[in-house]
Structures are given as C-alpha cells and as structure tokens.
Amino acid sequence: MKYYILFGPPGAGKGTQASSMVEKFNLCHLSTGELLRSEIAAGSELGLKAKALIEAGALVPDEVVEGMIESKFKSVKGVDGFLLDGFPRTIAQAKALDEMLAKTGESVTSVVSIMIPDEMIMERIRHRASIEGRADDAKEEVVANRIKTYHDKTEPLIGFYTETGRYNEIDGVGTIEEVRERIFDLMSKY
C-alpha cells in the first residue's frame, strides 16, 4: 500500500491536482478539509466544533483528525494507496501517522510538496473564494491567519520529512498541466 502526503501552503493547488493523482495511481483521496466540511454539513457535534475553529482560521484538534484518518485506512478497499491532503500539519501529527502506519507494517511512501510564494497564496485563495463561495476563504484576516499558521506549525514538517528522505518539493508555479506533469514524474519513482 502506498501512502502519499500532499503538502503545500493554502492555495498551492493541492485540491486541483489531487483528483488526477488519485485517478492515475488508484488512490483514495483523504482530504481533512473535505472530511470536516462533510461533518459540518451533517451538523454533527464534531462538525459544529470544527466549524467554529475553521471560521477562525484555527486547526481542529489532532485526535479528531487522526481518528477520522485511521478509520478511513481501515474501511477503504480496492485502492493501491492513500493520498493524504491536509494531514499531517504538525510534527505531532506526523509522528502519530508514523505510529498508525507502523501498526500494520506500513510507512509514508513520499511527501509531494507543491510550493508557491506567499503573494500567490493570497491571490489564489481570493480567486477560490469568488468561484467556490467558500466562506473560510473570503475574509482576508482569516486567510492571513491561515498563512501564518502554515508557516509556524506546518513548515517544520519539511525538516522532519527531509530527515527521513521522504520529502519531495514540486514547483507549483505554472499551468495546471505543467505542475501535474512534475507531480506524476515524481510519483512514478515510488
């Protein structure tokens, strides 16, 4: 089983690229954002808690996200692997993922990191808010907090996965097709 982590700042194009990655490599796409949005839409207790945090630009507690991910690992069948999008976001989550996978003798296959400059993050998120109507992308202060949270909490994962030899960075500037080709070239090596 392959376990790819799709990494990069908000607006880097992870959601745009994920469907092609899933199709080409027969993966199950686990987007923590989508999992949480479905809980919010269902009005569950988890969804209500998550909604307040997301609207403030904060992260949902680790144990909630980890439980959702582990449940999917156990229940999804008929795929060659998983594409994790939005998890892990912290060193603690990365260590929890390693422990989760080690229970079944598995490990992270590769981190595919789509990188773009900060100025482009703000521009892309504004555009996404206008076309998708995502309330969490509409407020500039929320987006600024998400970028800061990414730099403070998530960027340390680069060092963590570089040390394990699993970190791979893709230039996210270019057309969707150009970025996709870079991603496919990388994933074909694993």
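The values are calculated or read from the model by the stated rules, or taken from the named source; none is laboratory data. Worth saying up front: this structure is predicted, and the values here are computed from it rather than measured. Here the Cβ positions follow ideal geometry from the backbone for every residue, glycine too, while neighbour counts run over all protein chains shown. When the accessible area is computed, the model is the full protein with side chains, heavy atoms only, and any ligands, DNA or RNA have been set aside. Shrake-Rupley method; radii C 1.70, N 1.55, O 1.52, S 1.80 Å.
Tabulated values for the structure
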| quantity | calculated |
| --- | --- |
| Region 169-179, subset hydrophobic (A, V, I, L, M, F, W, C) and part of a helix (DSSP H, G or I), residue farthest from Lys2 (Cα to Cα) | Ile176 |
| Qualifying residue in region 60-77 (condition: open to solvent by 70 Å² or more (accessible area, probe 1.4 Å) and not in a helix (DSSP H, G or I)) | yes |
| Phe82 part of a helix (DSSP H, G or I) and either open to solvent by less than 30 Å² (accessible area, probe 1.4 Å) or of a type in the set (A, V, I, L, M, F, W, C) (or both) | no |
| Leading residue by the ranking (farthest from Leu27 (Cα to Cα)) among those in region 119-128 that are at pLDDT 80 or above and surrounded by fewer than 14 Cβ atoms within 10 Å (Cβ to Cβ) | Glu119 |
| Verdict on Leu97 being in contact with a strand residue (DSSP E or B) (Cβ under 6 Å, 6 or more places away or on another chain), open to solvent by less than 40 Å² (accessible area, probe 1.4 Å) and either assigned to a helix (DSSP H, G or I) or not small (Gly, Ala, Ser) (or both) | no |
| Residue in region 153-190 that is most open to solvent (accessible area, probe 1.4 Å), counting only those that are of a type in the set (Val, Ile, Thr) and under 14 Å from Gly13 (Cα atoms) | Ile176 |
| Among the residues listed as Ile54, Ile40, the single one being outside any loop (DSSP other than H, G, I, E, B), within 19 Å of Ile125 (Cα to Cα) and open to solvent by 30 Å² or more (accessible area, probe 1.4 Å) | Ile54 |
| Considering residues of region 15-37 that are aliphatic (A, V, I, L, M) and within 19 Å of Val179 (Cβ to Cβ) only, the residue surrounded by the most Cβ atoms within 10 Å (Cβ to Cβ) | Leu27 |
| Number of the condition not met by Arg182 [criteria: (1) assigned to a helix (DSSP H, G or I); (2) closer than 16 Å to Val22 by Cα; (3) touching a residue at least 24 places away in the same chain (Cβ under 8 Å)] | (3) |
| Per-region count, region 129-157, residues at pLDDT 80 or above and either farther than 21 Å from Val60 by Cα or outside any helix (DSSP H, G or I) (or both) | 1 |
| Some residue of region 1-12 being of a type in the set (Ser, Thr, Tyr) and surrounded by 18 or more Cβ atoms within 10 Å (Cβ to Cβ) | yes |
